[in-house]
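**Student:** After the structure tokens below, expect a handful of questions from me.
What follows is calculated from the coordinates using simple rules that are stated; it is not laboratory data. All values reported here derive from a predicted model rather than from experimental measurement. Here the Cβ positions follow ideal geometry from the backbone for every residue, glycine too, while neighbour counts run over all protein chains shown.
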Amino acid sequence: MENQSDRVLGKALDGDINAFQLLFGQFQQPLKSYLYRLLANRNDAEDLTHDTFIKAFDSLQTFRGESSLKTWVFQIATHLAYNYLRRSKRWTEDVSEKAKKMVLENEQLRNEISRIHESSGSAQYDIKEHIDTCFSCISKNLPIENQVAVILKDIYEFSVPEICQILQKTEGVVKYLLQDARRTMTDIFDR
């Protein structure tokens, strides 16, 4: 017996953009968040989310159901992000030192950060956000494939087989990318 999701997918495959929007909407926020982590620019993440929707809808006839629709769409988004990142400047390893220096040299900024931290009723949330930001900043120093693999695994909780499909790599390569990324991030953090 066909379920509701299968019926909506069938409509989308028949060219119904509203049906596809309904399916895409189920993971649009995590996709936008993922792209934001990769691109570090909210407007670019919004644009790439939109571009992903269009490319996925236009390519929907190639979806074979060998993975979830979410995994397939993340694969499209990842390839679009790769192309974008290849054209843009990468972060340097000393980016966190530069940020620290900027805060230490700007008393007004330092005081504002302290005031928000001390007056915030949600300090635990602020700390978690800070850790997430540190993770994203450190991951910016990685080669693109390593960065994507570790973000997909450790933040968005994709399985290794799903990451293999998204990156179109073997399991061994994905495991190596994850291991190498974690080792590099640990080295950067320790410094």
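**Student:** Once you place label points 7 Å from the Cα toward the Cβ at residue 40 and residue 22, how far apart are they in nm?
**Tutor:** 4.0
**Student:** Here is a follow-up. Evaluate the distance, in nm, between pseudo-label points positioned 7 Å from the Cα of residue 102 and of residue 173 along their respective Cα→Cβ axes.
**Tutor:** Distance between the two pseudo-spin positions: 3.5 nm.
**Student:** Would you mind computing, in nm to one decimal, how far apart the modelled labels at residue 14 and residue 182 are, each placed 7 Å from Cα along Cα→Cβ?
**Tutor:** 4.7
**Student:** If packing is taken as the mean number of other Cβ atoms within 10 Å per residue, what is the order of 61-67, 7-13, highest first? It would help to have the intermediate numbers written out before the result.
**Tutor:** Details: 61-67: 10.7, 7-13: 16.0.
Answer by packing, highest mean first, reads 7-13, 61-67.
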